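Encoded as structure tokens, here's the structure I'll be asking about.
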Amino acid sequence: MATPIFLDAWRKSAQAREIPEEGYNPDVKVVGDATGKSSFTFGIIHNPYRYNRPRESGGLACPLCDVVREVEQNPELDLATIPIDKHFAVVANKYPTVEGHALAIHRGTGDNEAPMFTTASLGKLEEYLADVALFSTLNGLQALHNGAKAGATIPWHEHWNLLNAETLYDCVGRDYGIDASPTTDVGYGVSMLADYPFAHIIFNQLHSERVSGLLKNMQSGIGSRYKCGFVPHVLCYASPGSMIVPLKVSQEKGMGAGDIAGHITCKTEEEFHALDYDACIRKLGEILYKKEELDMTAFLE
């Protein structure tokens with residue numbers, strides 16, 4: 001769970017950013033496979049406020065650049081600590097999923113603005129991942145990276161979602177998603193979720209250099225399949241380790257790392273009550289490779 005020190009700082013940042021309390025106290029339920037064939041579960045999160053977040057610039061200034069400038073003018077908003085503050089400002093997410101949900105936003109603005117890394121342009125991924133993972137571990141958070149063409153609503157500015165998943169688990173009295181799923185060891189410090197039906201791979205520890213190497217190999221192996229020129233993917237850093245999930249279909253908007261990790265958000269009460277395990281699998285199946293369609297171990301170095 002997010003540490004008390006972090007949560008206290010987050011609440012002050014949320015108040016300063018005028019985030020209403022009803023914006024981070026969602027309804028949550030857990031859904032599982034009614035047949036008992038799969039142990040993987042999803043959390044369905046009803047939070048209409050989150051859907052107010054900006055999804056495109058509309059020709060205006062980058063909203064994340066604006067947040068970085070806001071932090072520069074009001075340093076008390078910054079939740080970052082050494083070593084993450086070299087690259088990222090960390091602030092309460094203006095449109096949080098749950099209390100403690102933060103954004104790690106690259107500090108570059110204007111000419112120094114850093115676009116999100118892709119399999120064709122990894123940039124300083126190893127440094128970024130190491131810093132974000134350490135910050136997340138120290139503060140009890142999941143780190144979720146929506147990639148360009150893979151759920152990122154603002155792909156031209158590097159940022160990560162830092163999710164206080166334990167509060168969601170407390171709402172339902174149990175873990176779910178990738179934190180609750182058993183893993184299968186495939187050797188060399190790599191594992192997979194035992195009952196997750198989609199292509200993925202998990203480095204059991206941080207191993208930022210191995211993550212970078214796998215993404216390079218994924219680009220060489222299947223990058224030519226995509227019109228965008230790179231492999232859309234998400235990266236989740238949680239209790240199992242560093243999980244990489246490629247998308248079969250690129251998308252400008254839509255489901256991202258949180259959904260793929262088991263956190264399915266919805267806007268309406270009707271959808272909240274209607275969503276079940278099968279519906280979640282179908283929604284992810286529209287954008288992800290099945291395990292049998294893509295062997296992720298082929299991209300290991």
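Please compute the modelled spin-label separation between Ser220 and Thr153, points set 7 Å along Cα→Cβ, answer in nm with one decimal.
Result: 3.7 nm between the two label points.
Another one. Given the options Ala104, Ala114, Ala150, state which has the largest fluctuation in a GNM of the chain using a 10 Å cut-off (strictly under) for Cα springs.
Ala114
Could you tell me what a quarter of the Cα convex hull surface of the chain works out to, in nm² with one decimal place?
The Cα convex hull of the chain, projected and averaged over all directions, gives 14.8 nm².
Enumerate cysteines in the chain without a disulfide-compatible partner, where compatibility requires another Cys Cβ under 4.7 angstrom.
If one checks each Cβ against the other cysteines of the chain, Cys171, Cys228, Cys236, Cys266, Cys280 turn up with nothing under 4.7 Å.
Let me ask another. Sequence neighbours fewer than 8 away in the same chain don't count; with that in mind, list the lysines whose C-alpha is under 18 Å from Lys267.
Partners within reach: Lys29, Lys94, Lys253, Lys283.
Something else: For Ala9, what charge total do you get from the other residues with a beta carbon under 15 Å from its beta carbon, if Lys and Arg give +1 and Asp and Glu give -1?
Every neighbour counted, the sum reads -2.
As a footprinting exposure proxy, order Glu22, Glu126 by other Cβ within 10 Å, with the fewest listed first. Provide the component values of the computation, followed by the final result.
Working: Glu22 10, Glu126 18.
Lowest to highest Cβ neighbour count: Glu22, Glu126.
Starting from the Cα-Cα distance between Lys37 and Ala194, subtract it from 0.36 nm times their residue separation and give me the gain in nm to one decimal.
Between Lys37 and Ala194, full extension yields an extra 55.4 nm.
Go ahead and estimate [θ] at 222 nm for the chain from helices alone: -39,500 (n - 2.57) per DSSP H run with n ≥ 4, summed, over the residue count, rounded to 500. List each step's numbers first, then the result.
Numbers: 8 runs with 81 residues, N = 301.
For the chain, the value works out to -8000 deg cm²/dmol.
Hey, another quick one. Under a point spin-label approximation (7 Å from Cα along Cα-to-Cβ), what is the Arg11-Asn25 distance to one decimal in nm?
1.2
How big is the dipole moment of segment 4-299 about its Cα centre under a simple scheme where the beta carbon of each Lys and Arg is +1, that of each Asp and Glu is -1, and everything else is neutral? Debye, nearest 20, please.
Value, rounded to 20: 740 debye.
Cα centroid distance between segment 1-76 and segment 190-264, in Å?
22
Could you go through segment 218-225 in sequence order and give the Karplus-derived ³J(HN,Hα) for each residue, using 6.51 cos²θ - 1.76 cosθ + 1.60 with θ = phi - 60°, rounded to whole Hz, and x for Gly and Pro?
5, 4, 5, x, 10, x, 5, 6
I want the local charge near Leu294. Using Cβ-Cβ distances under 11 Å, sum +1 for each Lys or Arg and -1 for each Asp or Glu among the other residues. Intermediate values should be presented prior to the final figure.
Values: positive: Arg225, Lys248, Lys290, Lys291; negative: Glu292, Glu293, Asp295.
Here the charged neighbours net out to +1.
Just so you know, all these numbers are worked out from the coordinates, no wet-lab data involved. Keep in mind it's a predicted model, so treat the numbers as computed, not measured. Here the Cβ is made from the backbone with ideal geometry for all residues, glycine too, and neighbour counts use every protein chain on show.
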